[in-house]
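For reference, the structure is listed below as structure tokens.
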Amino acid sequence: DSGVTQTPKHLITATGQRVTLRCSPRSGDLSVYWYQQSLDQGLQFLIQYYNGEERAKGNILERFSAQQFPDLHSELNLSSLELGDSALYFCASSPRGGRASYEQYFGPGTRLTVT
Amino acid sequence: GQSLEQPSEVTAVEGAIVQINCTYQTSGFYGLSWYQQHDGGAPTFLSYNALDGLEETGRFSSFLSRSDSYGYLLLQELQMKDSASYFCAVREGEGRRALTFGSGTRLQVQP
């Protein structure tokens, strides 16, 4: 158990719909990262938040957005869903500073299936 | 940008030693990390190298050669539970702590 929690574990929805994935980082970690893992694209970085502010963006589609709240939990919103959005979505958090920042702790993931 | 290459699959027998290689191309280098992921599970941090040489953590060791843009993960005394995918990863860039992952090496340990 990494200490990072994600809900829900599984999500099945239809094309065109909108969903929200939730993540709570480990206690004390200020950084939250979202990754998408699919069979053909591997593990891809989407977006990072640090203490409530967006810090970095990766291969995140315009249909996707995220935010980090004052209590440090984060939500990833996926809208106008397409079949190709079906994937595992991981949230990770990392400690502050130095070497520790290279250690990212991943939550159990949310498996999204778009039908 | 960053790119990493690792073999797609490796097979070894229980008790043996296996080496998983990773070569990378980055615009700036800030260290090489290794993660393990069992089927259906989350990636788990294994090790990190910022400087050349070998880092040992129990049965697992990781090596880095910055001049060769190359690293490897060494797994000793293989156990069945080591069957998993192993990913090398580098930071996205200066000031960016997000990780770029290799495509992963699937290790199958046979009895």
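The values are calculated or read from the model by the stated rules, or taken from the named source; none is laboratory data. Treat the numbers as computed from the prediction; the structure is a model and nothing was measured. A quick note on method: Cβ atoms are made from the backbone with ideal geometry, for glycine too, and the neighbour counts reach across all protein chains shown. Areas reflect the complete protein model, heavy atoms only, side chains present, ligands, DNA and RNA absent. Shrake-Rupley method; radii C 1.70, N 1.55, O 1.52, S 1.80 Å.
Counting Cβ atoms of other protein chains within 10 Å of each Cβ in B:46-58 and taking the mean gives 1. Taking the Cα centre of the protein assembly as shown as origin and assigning +1 to Lys and Arg Cβ atoms and -1 to Asp and Glu Cβ atoms, the resulting dipole is close to 440 debye. Summed over both chains, the accessible area lost when A and B associate is about 1800 Å², using a 1.4 Å probe.
Charge dipole of the stretch A:18-115 (Cα centre as origin; +1 on each Lys and Arg Cβ, -1 on each Asp and Glu Cβ, all else neutral): 180 debye, rounded to the nearest 20. The mean accessible area for residues of chain B, using a 1.4 Å probe and ignoring ligands and nucleic acids, is 47 Å² per residue. The portion of the accessible surface of the protein assembly as shown made up by carbon and sulfur, rounded to a whole percent, is 45 (1.4 Å probe; DNA, RNA and ligands excluded). Residue by residue along A:43-49, Cβ atoms of other protein chains within 10 Å of the local Cβ number 4 on average. Of the residues B:L74, B:G15, B:T100, the one whose Cα sits farthest towards the positive end of the charge dipole of chain B is B:T100 (charges of +1 on Lys and Arg Cβ, -1 on Asp and Glu Cβ, taken about the Cα centre). Seen from every direction in turn and averaged, the convex hull around the alpha carbons of chain A projects onto 6.7 nm².
Global size of the protein assembly as shown: 17.4, 50 Å for Rg and Dmax (C-alpha atoms, Rg to one decimal, Dmax whole). This model, with +1 at the C-beta of Lys and Arg and -1 at the C-beta of Asp and Glu, gives chain B a dipole about its Cα centre of some 260 debye. Picking from B:G1, B:F60, B:A50, whose Cα lies most toward the positive end of the charge dipole for chain B (charges on Cβ: Lys, Arg +1; Asp, Glu -1)? Looking along the dipole axis, the top candidate is B:G1. Take each peptide in A:41-51, A:5-15, count the other Cβ atoms within 10 Å of every residue, and average; sorted highest first, the result is A:41-51, A:5-15. In terms of packing, defined here as the mean over residues of other Cβ atoms within 10 angstrom, the peptides B:76-88, B:98-110 line up highest first as B:98-110, B:76-88.
Each 10 Å bin, from zero up to the one with the longest distance, holds this percent of the alpha carbon pairs of chain B: 15, 49, 29, 6, 0.
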